[in-house]
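Peer 1: Have a look at this one before I ask anything.
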Amino acid sequence: MSKTVLVTGGTSHLGSHIAAALKERGHCPVIFDDLAASGGAAAVDGVAVVNGTLGDRAALHAVFAAHRFDGVIYAPAAETSDRRAAGFGRIGDPVAAMIGLIGTACEHDVRRFILSADGAIFGHPCRLPIDEDEAIETTTSAGEANHLIEELLARAQALHGLAWTCLRYGAAVGFHPGRFAGMAFEPETGLVARALAVAEGRRLYVDIPGTSYPTADGTLVRDYIHVCDLAAAHVSALEALESGSHRFNVSLDRGYSVHEVLGTVRRMTGATIPARAAAAVAGEPPAIVLTAARIRRELGWVPQYPDLESIVGTAWTARDQHPRRAAVA
């Protein structure tokens with residue numbers, strides 16, 4: 001059955017791909033966004049866009065009153081590395097925004113909520129790969145904010161019967177291979193995007209944030225997911241959600257070090273990609289690798305881009321075909 005879905009942050013890299021995935025599956029997405037992530041660009045063709053911020057309660061009430069939403073998907077406007085770099089004092093910003101969004105959804109009798117979250121919530125895990133039941137030990141402001149938001153959703157479930165699902169993931173990379181109009185590239189703060197910018201000649205080198213971690217080659221290990229596979233997981237989670245609370249990791253079940261990522265970009269682009277050592281980021285765990293066994297088993301989710309080569313390949317092809325859009329990403 002077709003659903004009308006509010007997508008907050010819907011002009012961002014992930015948000016625009018979620019909106020496209022909803023439309024492709026026969027649903028009716030409505031984007032609520034301040035357009036900052038897209039530089040003010042229009043969103044996915046054929047998708048309604050309402051300009052506003054989550055801090056504006058009047059604007060939120062207006063968009064909920066204008067549409068009978070079957071669910072809400074929260075897509076963070078900031079790219080993962082931006083959120084993780086935010087200082088401790090910024091924790092209150094996303095939490096306050098989510099109080100308004102969750103409260104407005106409940107007031108308008110919307111009972112399905114999908115939270116797009118950060119795998120950094122696990123901090124320094126006891127084992128790898130990390131499953132959904134791993135103890136939460138946040139070491140970054142982004143992880144702490146995510147933890148508080150999940151607690152807000154749990155309270156809304158207890159008080160208002162809100163059904164919710166949290167999807168946790170690492171770095172979302174790539175681009176839809178068949179659509180370009182209005183869709184956003186990932187910001188050039190993530191490792192893959194920065195490396196591709198070097199390959200295009202728009203940056204001179206890539207900084208490696210720390211080279212003495214207790215990993216195989218001394219650099220950070222993270223998992224990567226194609227943005228289309230991640231968007232599809234959000235849609236599947238919404239379609240399956242009826243009651244209760246659910247947590248799913250979305251990943252390829254393996255991690256890649258910084259050196260492995262740079263090596264992959266070099267092979268896929270043929271470029272040299274100079275790199276230099278830089279200071280480590282405080283609080284960053286040496287390795288974060290999630291396992292997606294639960295979402296594969298319960299929702300039948302299967303990634304269409306099963307390795308880093310296929311992920312980087314679509315990102316590079318998109319930039320090769322649309323260099324002007326890539327240059328302002």
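Peer 1: Within the set of pairs 6 or more residues apart or between chains, which connect a residue that is aromatic (F, W, Y) inside region 194-219 to a residue that is part of a helix (DSSP H, G or I) and surrounded by fewer than 17 Cβ atoms within 10 Å (Cβ to Cβ) with Cβ atoms less than 6 Å apart?
Peer 2: none
Peer 1: Count, please, the residues in region 53-73 that happen to be surrounded by 18 or more Cβ atoms within 10 Å (Cβ to Cβ) and either at pLDDT below 95 or in contact with a helix residue (DSSP H, G or I) (Cβ under 7 Å, 6 or more places away or on another chain) (or both).
Peer 2: 6
Peer 1: Does region 148-162 include one or more residues that are of a type outside the set (A, V, I, L, M, F, W, C), surrounded by fewer than 17 Cβ atoms within 10 Å (Cβ to Cβ), over 18 Å from the mean Cα position of the chain (by Cα) and assigned to a loop (DSSP other than H, G, I, E, B)?
Peer 2: Yes, region 148-162 has at least one match.
Peer 1: Which residues, counting only those in region 160-169, are more than 18 Å from V235 (Cα to Cα) and touching a helix residue (DSSP H, G or I) at 6+ places or on another chain (Cβ under 8 Å)?
Peer 2: Once the filter is applied, which keeps residues that are more than 18 Å from V235 (Cα to Cα) and touching a helix residue (DSSP H, G or I) at 6+ places or on another chain (Cβ under 8 Å), region 160-169 yields only H160.
Peer 1: Tell me which residues, restricted to region 207-220, are surrounded by fewer than 23 Cβ atoms within 10 Å (Cβ to Cβ) and touching a strand residue (DSSP E or B) at 6+ places or on another chain (Cβ under 6 Å). Spell out the reasoning first.
Peer 2: First pass over region 207-220, keeping only residues surrounded by fewer than 23 Cβ atoms within 10 Å (Cβ to Cβ): 207-218.
Result: D207, I208, P209, T211, T215, D217.
Residue by residue, here is whether (1) of a type in the set (F, W, Y); (2) out of contact with any helix residue (DSSP H, G or I) (no Cβ under 9 Å at 6 or more places or on another chain); (3) surrounded by fewer than 16 Cβ atoms within 10 Å (Cβ to Cβ); (4) closer than 25 Å to G143 by Cβ holds:
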residue: L230; (1), (2), (3), (4): no, no, no, yes
residue: L238; (1), (2), (3), (4): no, no, no, yes
residue: P274; (1), (2), (3), (4): no, no, yes, no
residue: P286; (1), (2), (3), (4): no, yes, no, yes
residue: G300; (1), (2), (3), (4): no, no, yes, no
residue: Q304; (1), (2), (3), (4): no, no, yes, no
residue: A318; (1), (2), (3), (4): no, no, no, no
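The values are calculated or read from the model by the stated rules, or taken from the named source; none is laboratory data. Since the structure is predicted, the reported quantities are computational estimates derived from the model, not experimental observations. Here the Cβ is made from the backbone with ideal geometry for all residues, glycine too, and neighbour counts use every protein chain on show.
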